[in-house]
Amino acid sequence: MASGYATLKSRPLKLVFDIPISRIEKFWQGLKEGKVLATRCRKCGKMFFPPVADCSECYSQDMEWVELSGEGELETFTHILVRPASFQDEEPYTVAIARMKEGVRVLAWIKDVEPTDLKVGMKVKLKADTTLEGEPTYVFVPAE
């Protein structure tokens, strides 16, 4: 190493994001109350999940809150065995994308089902939940 610099094989990387959530705070409050909310543009009708404060379709800020029915159909899924560093404390888990009755697609963890029992096209329920740390979140479970 003639340059005099040490070779760095790895280093910790910590990212901190300041994300203003005041205009979508109702989403998090809804989860705490057991509701999963989306937003819909009053001008063009486009629905968004996760909720957004401004419409990316027509650029309107005139948004309304819509409670999702929770009814969805599984479009794809994957079982995560090799977890990213931020999820190393988690057991292997499954994430899925489902199209909701209202038309929006949602990406979420799926619980209460073995990965081998999942099938594209199966009915799922989107519901409010909490993380192990007690934070609000949402998950899929098989529809009954």
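Which residue out of T39, T130, T94, T78 is touching a helix residue (DSSP H, G or I) at 6+ places or on another chain (Cβ under 9 Å), over 27 Å from E144 (Cβ atoms) and either of a type in the set (S, T, Y) or not assigned by TED's automatic domain parsing to the domain that holds E144 (or both)?
Only one candidate qualifies: T39.
Only one of (1) of a type outside the set (A, V, I, L, M, F, W, C); (2) in contact with a helix residue (DSSP H, G or I) (Cβ under 9 Å, 6 or more places away or on another chain); (3) closer than 25 Å to K125 by Cα; (4) not in a strand (DSSP E or B) is not met by D54, so which one is it?
Result: D54 passes all but (3).
Tally time: how many residues in region 39-53 are crowded, with 16+ Cβ neighbours inside 10 Å and either more than 11 Å from E102 (Cα to Cα) or in contact with an Asp or Glu (Cβ under 7 Å, 6 or more places away or on another chain) (or both)?
7
Listed here are the residues, each with its yes/no results for (1) of a type in the set (F, W, Y); (2) in contact with a His (Cβ under 9 Å, 6 or more places away or on another chain); (3) surrounded by fewer than 13 Cβ atoms within 10 Å (Cβ to Cβ).
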| site | (1), (2), (3) |
| --- | --- |
| T94 | no, yes, no |
| I110 | no, no, no |
| D117 | no, no, yes |
| T137 | no, no, no |
| F140 | yes, no, no |
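Between a first residue in region 103-122 that is assigned by TED's automatic domain parsing to the domain that holds L81 and a second residue that is in a loop (DSSP other than H, G, I, E, B) and small (G, A, S), which pairs have beta carbons less than 8 Å apart while being 6 or more apart in sequence or on different chains?
Close Cβ pairs (under 8 Å, with a partner that is in a loop (DSSP other than H, G, I, E, B) and small (G, A, S)) amount to M122/A143.
Give me the residue from region 63-93 that is of a type in the set (V, I, T) and without any contact (Cβ under 8 Å) to a residue 24 or more places away in the chain and, out of that set, farthest from D117 (Cα to Cα). Steps first, please.
First pass over region 63-93, keeping only residues of a type in the set (V, I, T): 66, 76, 78, 80, 82.
Checking which are without any contact (Cβ under 8 Å) to a residue 24 or more places away in the chain leaves us with 78, 80, 82.
Numbers: T78: 12, I80: 15, V82: 20 Å.
The qualifying residue farthest from D117 (Cα to Cα) is V82.
Among E33, E67, which is the only one that is in contact with a helix residue (DSSP H, G or I) (Cβ under 8 Å, 6 or more places away or on another chain), modelled with pLDDT of 95 or more and either in the same structural domain as T130 (by TED's automatic domain parsing) or charged (D, E, K, R) (or both)?
E67
Would a scan of region 81-90 turn up a residue that is in a loop (DSSP other than H, G, I, E, B), surrounded by 12 or more Cβ atoms within 10 Å (Cβ to Cβ) and more than 17 Å from the chain's Cα centre (by Cα)?
So far as region 81-90 goes, no, none of its residues is in a loop (DSSP other than H, G, I, E, B), surrounded by 12 or more Cβ atoms within 10 Å (Cβ to Cβ) and more than 17 Å from the chain's Cα centre (by Cα).
The values are calculated or read from the model by the stated rules, or taken from the named source; none is laboratory data. Keep in mind that this is a model prediction, so the values were computed, not measured. We place every Cβ from the backbone using ideal geometry, glycine too, and count neighbours over all the protein chains shown.
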